[in-house]
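What follows is a short report on a single structure.
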Amino acid sequence: AYSSAMLENNKAALCLTGESETDSSLQTSSVHGYNASAFHQRCNRQGPTLQLTDDSLLNHGGSPLAQTQSSQELTAHAFIFTSSGSPHFQGKIPVCFKVNSGYNARIDDTGVPNFGQQLYFCYNNQPVVYNSGSNAVSLNTATMYGNDTQLSECEVYKVKQSKSISAIHKQWRNVLWTAKDELMEMIRNHKPLVTSVSRVRILMIGPVGAGKSSFFNSINSIFMSRITSKAMSGSAGTSLTTQFRTYPVKDGREGKPLPFVLCDTMGLEEQSGAGLDIEDISSILQGHVPDRYKFNPMAPFQPDEQKASRPASLQEKIHCVVYVIDSTRISLMSDKLQEKLASIRRKVNSLGIAQIVLMTKVDEACPLVEKDLQSLYVSSYIKSKVQEVSSRLGVPVSCVLPVKNYSQELELELNCDVLLLTALQQMLNFADDYLDDVCSMEDNVF
């Protein structure tokens, strides 16, 4: 039978597995209704959740993604387990189940809570549990809940980071949060390592909506001392950037150009014939593509014969490549997109160009960071996302830089500026490493 004592025991057990604690109940079916609309009304956009039903059957939607009714197939960090408090498991070790390979943990649709599109709770808006019999999860329902499909209760709890545990976490990367002026001065005074290069060219590459254009707008805002929106940015399903743009940044409205240029590209998409073409990226890297060139996903860039006959100068080439990745979608990155990024990485590697990953939207990924941006390098969740994107893209963890772009703010914010400027300074440093390498190769030739 369902009991509050059993709930508290299981909530405590969950805290022992990491650094989570359960918040007050988001939804109690006996109070709010055994139906999908009540579930979504109360649980959408709440982040990771813990669902408790009869017999201590728990469904932990451990994905960082909230219910949003986006119709996406989700595979990230979700599991289901039974507690030793269950009448069917008394005296036995709790059992944990995950979805089998090739299956999704859930589809973010408008339906009732489910696990693997196999085990449905409050099925047909009734207080029952239903097993569709698919092969998504290898479990024995007779053992799990004794073939008693009736539910006397189904509660959903929000899972949040435990304050008592997070308080003792050490900062895993050092940031001087008061160093904005020093960072701006370093960037103003930066001189590329090679005298023939007056400004470092930094290429932004990433999926649609990841924040490439927003990063330029954010950097431009800092040096203009106000929020700006020079580059078109937004959250459309297809790329708002359709041209290759090179954006110089001035040191204030009447100031001199700063020693870098941010190059914006069309967003990457999974489908062939859509989004930025890998051949176009190759041409951009080698300095052949002019500013305002309009991309054609069906036909890669072709330089005219005169330009094709001579190699571009070092000044025209790309000196640092930045992969812009939305931190809320790392676990949702498709195999096709990952393969496309890997192909780009191989090309960039062959040219010896420095590479960095910019991990955006950290405030949306972690409630702790949303509340206080200075918690960024204390959050073990953000640390896990940095490690995950490092693994997926094959770059060192030290090359993954979490930031928050300006998107809805009307005024600048110190902590946001420090993260953005720190990332930009690192890009300039990496570009110098590339230019130093180019100089060394030329010296060896002569």
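The values are calculated or read from the model by the stated rules, or taken from the named source; none is laboratory data. Worth saying up front: this structure is predicted, and the values here are computed from it rather than measured. Reconstructed Cβ throughout: ideal geometry from the backbone, glycine too, with neighbour counts over all protein chains shown. With ligands, DNA and RNA removed, areas are computed over all heavy atoms of the protein, side chains included. Shrake-Rupley method; radii C 1.70, N 1.55, O 1.52, S 1.80 Å.
A few comments on the model shown:
- Between residue 292 and residue 251, residue separation times 0.36 nm minus the direct Cα-Cα distance comes to 12.5 nm.
- Out-of-range pairs (alpha-carbon distance over 19 Å; input 294/347; 230/250; 212/340; 212/361): 294/347
- Computed lengthening from residue 178 to residue 278, 0.36 nm per intervening residue step minus Cα-Cα distance: 32.0 nm
- Accessible surface calculations at 1.4 Å, restricted to protein heavy atoms, place the stretch 179-444 at 45 Å² per residue.
- Debye intensity ratio I(q)/I(0), log10, the stretch 179-444, q values 0.10, 0.15 Å⁻¹ (C-alpha model): -0.48, -1.14
- Taking amide H positions as modeled 1.01 Å from N, with prolines and chain starts lacking one, the residues under 5 Å from residue 27 and 5 or more places away or on another chain are 156.
- Considering only the stretch 179-444, percent of DSSP beta bridges that pair antiparallel, nearest 5: 30
- Spin-label pair residue 125/residue 412, simplified geometry with 7 Å Cα→Cβ offset, distance in nm: 5.4
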